Amino acid sequence: MIQIDGLSKWFDLHIANQMHVKPLRTISFDVEPGKFMGLAGPSGIGKSTILKCIYRTYLPSEGSIWYDSAVWGKIDLATANERQILHLRRNEISYISQFLRVIPRVTAVDIVAERLTARGVTRADAIEQVKLMLQRLALPEKIWDAFPATFSGGEQQRLNIARALISQPRLLLLDEPTASLDYRTKTVVLDLLHEAKKNGTTMIGVFHDLEWLKQIADDTVTLDPSVHAAPLQQV
Amino acid sequence: MEHLQININDFDDELSPFDGIDHTLTWKDEPLLKVRRLNKKYGSGCMLCESEHGMSEKVNRCPNCATVWAMRNVSFDLYPGEILGIVGESGSGKSTLVKSLYFDEVVDQGEAYLQAYEKQDTNIFELSNQQKRFVRNHLMGMVYQNPLLGLRMNVSSSGNIAEKLLAADHRHVGFMRARASELLNQVEIPISRMDEAPKRFSGGMQQRVQISKALANRPPLLLLDEVTTGLDLSVQAKVLDLIRRLQRQLGVAMLVVSHDLGVIRMLADRTMVMRNGRVIEQGMTDQILEDPQHAYTQLLVHSLL
């Protein structure tokens, strides 16, 4: 499904005294379709960087990311054009970050429904599906029509998860999705992830909590500090 | 007031603009708008600045002949249903770019091809004035920063929309009124005020009337030039929300010019950074904001509050 081959990423910060930051040394791994690959390692080692490179929030500096897309077959996400990335983001790849970042003054239901309507689902159908999803995630019904900026951290995070899972992506990237959730909601999220896996979604995830990672991951890549950790280098 | 009750559905020669067609669904490889090597200069130009690498990228004014290059080899593609953001500091050529695409400015060199136009392979800058008017009235909509430029302040709001419809060969008064009320309703201007002149409206309302005027002929391409600059935050949010909703409903491709990175983050799928008339960086919006490559873009992004 996804083959990462010699991926590395560095930042050239032109304005901060020409700082050269390399958070991720060369890394390679494969993920089979429908499997969950967990990324482990101490913080600051580049786990999120890998996910952001796959989602192309970061432009990979070196190496390639081969992804089996439904439209074009094998495609290198490191060099794919923006038009292709946009299509993949709308239809195939979802990303759950630690924080919810949405348009202000749009209600919670609409934010989640937008993912479906962008694909051509009618608004009424979309809202029905969204309500089921929000119910499962135990988001109180009275806040469904409120603006997410007024939500607590956990509620925002649940909305974030709902938004990514509702569109049933082929590839799901998880960047510590359960960090701010209580035990009960964590269990629900884990159930949803298991369900998505059953439906064939491939996942790559970073979990802070290794106990949770063990429950869902088929395999893990451990980023070794001695190989991958790179202190700030000034060139 | 009888004509007010005419329903837009009575006119079956046209589809309702809000019929839920999602143009983003259909994957089209063909760009809606292809712009190639656009140049605009103020001044005569000389051997130095006309040559390919004659001028440093750090300036837009030729040290030899003092010609100002407002645009220098600007090229990009805009796909149907996509929002392309253009950011840059004042004087970087953002507004010149959209204004020249709307034929408000004359370009010196360059090509642009509009796929929605029947003559797809003709450079739109080489069309006759009549054809340019057709492209402008039927296929494009423009929203200026200053409503004074886009609206006739002393003519009623519905009259403003009718002006655009008349330009596109509509003559049926009932139809035009029905369309105007539908469009104004869409941008949340109360129908009871459709016969009031925009000079009596607030800035945010004027901007919304301008948007509905730009959308009157359902163009596939909408050009937005600093729409929210000068509006206060809550009105700004309302206008941005409206633009996003319209884009989702109508699938219009948009070129959004702004120096406000927040606006770009909210609206744009892709972003283009301009400086000194040149495009210095292009990419996904979140990639531009989180992983800018060019030194100037890094400076710009790190200046974000």
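The values are calculated or read from the model by the stated rules, or taken from the named source; none is laboratory data. Owing to the predicted nature of the structure, the values given are computational and were not obtained by experimental measurement. When we count neighbours, we look across all protein chains shown, and the Cβ atoms used for this are built from the backbone with ideal geometry, even at glycine.
Before moving on, here are some points about what is shown:
- Residue satisfying all of: in segment A:98-108; more than 26 Å from B:PRO80 (Cβ to Cβ) and within 12 Å of chain B (Cβ to nearest Cβ); surrounded by the fewest Cβ atoms within 10 Å (Cβ to Cβ) among these: A:ARG101
- Counted residues, segment B:106-159 - those being outside any helix (DSSP H, G or I), under 21 Å from B:LEU32 (Cβ atoms), at pLDDT 90 or above and charged (D, E, K, R): 1
- Condition check for B:ARG177: in a loop (DSSP other than H, G, I, E, B), of a type outside the set (S, T, N, Q) and at pLDDT 90 or above: no
- The lone exception for A:ILE15 - which of (1) on the phi < 0 side of the Ramachandran plot; (2) in a loop (DSSP other than H, G, I, E, B); (3) within 19 Å of the chain's Cα centre (by Cα) it fails: (3)
- Counted residues, segment A:196-228 - those being touching a helix residue (DSSP H, G or I) at 6+ places or on another chain (Cβ under 9 Å), in contact (Cβ under 8 Å) with a residue 60 or more places away in the chain and not basic (Lys, Arg): 11
- Residues in segment A:75-105 that are over 20 Å from the mean Cα position of the chain (by Cα) and over 26 Å from B:MET272 (Cα atoms): A:ARG105 alone.
- Residue check for A:TYR95: within 12 Å of chain B (Cβ to nearest Cβ), at pLDDT 90 or above and within 26 Å of B:GLN282 (Cα to Cα): yes
- Scanning segment B:102-146 for residues that are free of Cβ contacts under 8 Å to residues at least 60 places away in the same chain and small (Gly, Ala, Ser) turns up just one, B:SER128.
- The set of residues from segment A:112-152 being of a type outside the set (Gly, Ala, Ser), within 14 Å of chain B (Cβ to nearest Cβ) and part of a loop (DSSP other than H, G, I, E, B) comprises A:ARG119, A:VAL121, A:THR122, A:PHE147.
- Test: residue in segment B:181-189 that is part of a helix (DSSP H, G or I), free of Cβ contacts under 8 Å to residues at least 40 places away in the same chain and surrounded by fewer than 19 Cβ atoms within 10 Å (Cβ to Cβ): yes
- Qualifying residue in segment B:48-65 (condition: free of Cβ contacts under 8 Å to residues at least 60 places away in the same chain, more than 14 Å from chain A (Cβ to nearest Cβ) and either on the phi > 0 side of the Ramachandran plot or in a strand (DSSP E or B) (or both)): yes
- Taken together, A:LEU59, A:LEU39, A:LEU13, A:LEU24 contain a single residue that is within 14 Å of another protein chain (Cβ to nearest Cβ), surrounded by 14 or more Cβ atoms within 10 Å (Cβ to Cβ) and in contact with a Phe, Trp or Tyr (Cβ under 9 Å, 6 or more places away or on another chain), which is A:LEU24.
- Residues in segment B:266-287 that are free of Cβ contacts under 8 Å to residues at least 24 places away in the same chain and at the interface with chain A (Cβ under 10 Å from one of its Cβ atoms): B:GLY283, B:MET284, B:ASP286, B:GLN287.
- When A:LEU100, A:LEU88 are checked against the criterion of being in contact (Cβ under 8 Å) with a residue 24 or more places away in the chain and closer than 30 Å to A:ALA149 by Cα, A:LEU100 stands alone in meeting it.
- Restricted to segment B:193-244, and to residues there that are crowded, with 18+ Cβ neighbours inside 10 Å, free of Cβ contacts under 8 Å to residues at least 60 places away in the same chain and under 16 Å from B:ARG177 (Cα atoms), the residue that is farthest from the other protein chains (Cβ to nearest Cβ) is B:MET194.
- Helices (runs of 4 or more DSSP H) contained entirely in segment A:161-229, each with at least 3 residues that are among the charged types (D, E, K, R): A:183-198
- The condition of being within 18 Å of the chain's Cα centre (by Cα) and not assigned by TED's automatic domain parsing to the domain that holds A:HIS14 holds for only one of A:ALA146, A:ALA138, A:ALA164, that being A:ALA164.
- One residue alone among B:VAL263, B:VAL301 is crowded, with 23+ Cβ neighbours inside 10 Å and either within 11 Å of chain A (Cβ to nearest Cβ) or under 17 Å from the mean Cα position of the chain (by Cα) (or both), and that residue is B:VAL263.
- Among the residues of segment A:71-82, those that are closer than 21 Å to B:GLY81 by Cα and surrounded by fewer than 17 Cβ atoms within 10 Å (Cβ to Cβ) comprise A:VAL71, A:TRP72, A:ASN81.
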